[in-house]
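Asker: Pasting a structure below so you can have a look.
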Amino acid sequence: MSIQSVTRMLLTPLSRVAFRPIVEGREHIPLDGPLILAANHLSFLDSFIIPLMTPRPVAFMAKAEYFTGAGLRGRLIRELMTGLEAIPVQRGGHRAAQESLELALGLLHRGGAFGIHPEGSRSRDGRLYRGRTGVAWLALASGAPVVPVAVLGTDRIQPVGAKLPRPGRVTIRFGAPLRFTQQPGISVARARRQATDDIMAAIQSLSGQQPADTFNDLSLTP
């Protein structure tokens, strides 16, 4: 049995007890084939709880620092990230971010499922920030459907800056899949921007968050 299977087997029942999740729209998730899950981002917990509530393994991007932490907490986080097949991403460089997207594209080409937070970083004020176009790059390059996801309540369970989560209830809503193709006569940049905006609108419809007119500052959230 793989470390990924063991991690899901151990953590799924624990998360159901600790967070009493309400899961809506699981029927929208294809059980096989390439898939992108695009979710809002309120807490460190989001990238853990979403894969545990889906009927198939999902790999999320995670800060590279989560794979290099020291001490017991650092080791636990590193083991969890490995067990959930997280893809490390370096902050602060376009080349590093592109390399992580290319790893995700390889996963999609192999028929895997990949999760991404298009906002790029956790929202500190609860608003839904503009999406960055990496999600659209993946969707257009792979042809994979994009399932919008809204996570509610994780910001109360583990706010930004909190070291450990506390018991509480979360809601995870999966929306209907979206598909995108490059249309003739439309520039690649415009196609990516439009697809990203459509994805964020679908997430907002599920989450009910107030939309922000700006991008989230990636430098703010540690």
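The values are calculated or read from the model by the stated rules, or taken from the named source; none is laboratory data. All values derive from a computational prediction rather than experimental measurement. Because the Cβ atoms are built from the backbone with ideal geometry, glycine has one as well, and the counts that use them run over all protein chains shown. Heavy atoms of the whole protein, side chains included, go into the accessibility calculation; ligands, DNA and RNA do not. Shrake-Rupley method; radii C 1.70, N 1.55, O 1.52, S 1.80 Å.
Asker: Solvent-accessible area per residue for the range 1-130 at a 1.4 Å probe radius, Å²?
Answerer: 47
Asker: Show me the ranking of peptides 196-209, 139-152, 74-87 by mean Cβ neighbours inside 10 Å, starting with the highest.
Answerer: Going by the mean number of other Cβ atoms within 10 Å, highest first, we get 139-152, 196-209, 74-87.
Asker: Follow-up question, since we're still on this one. Once the Cβ-Cβ distance between ILE186 and LEU31 is put in as r, and R0 is 30 Å, what FRET efficiency do you end up with, to the nearest 0.05?
Answerer: My answer for the efficiency is 0.40.
Asker: Mind checking the full-extension length gain between LEU72 and GLN90? Use 0.36 nm per residue of separation minus the Cα-Cα distance, one decimal, nm.
Answerer: Computed gain between LEU72 and GLN90 is 4.2 nm.
Asker: Please report, in debye to the nearest 20, how large the charge dipole of the chain is about its Cα centre when each Lys and Arg carries +1 at its beta carbon and each Asp and Glu carries -1 there.
Answerer: Dipole magnitude for the chain comes out near 440 debye.
Asker: Over the range 132-222, what percent of the accessible surface lies on carbon and sulfur atoms, probe 1.4 Å?
Answerer: The value for the range 132-222 is 54 percent carbon and sulfur by accessible area.
Asker: Another question, then. Using +1 at the C-beta of Lys and Arg and -1 at the C-beta of Asp and Glu, which of ASN40, VAL147, HIS28 has the Cα lying farthest in the positive direction of the dipole of the chain?
Answerer: Selected residue: ASN40.
Asker: Which of the three applies to the range 104-222, rounded, prolate or oblate, going by the alpha-carbon gyration tensor with a ≥ b ≥ c and a/c under 1.5 meaning rounded?
Answerer: Prolate, because a/c is 1.5 or more and a/b exceeds b/c.
Asker: Taking Cα centroids, how far is the range 196-219 from the range 1-78 in Å?
Answerer: Measuring centre to centre over Cα atoms gives 21 Å.
Asker: Could you order the peptides 36-47, 156-167 from most to least packed, using the average number of other C-beta atoms within 10 Å per residue?
Answerer: 36-47, 156-167
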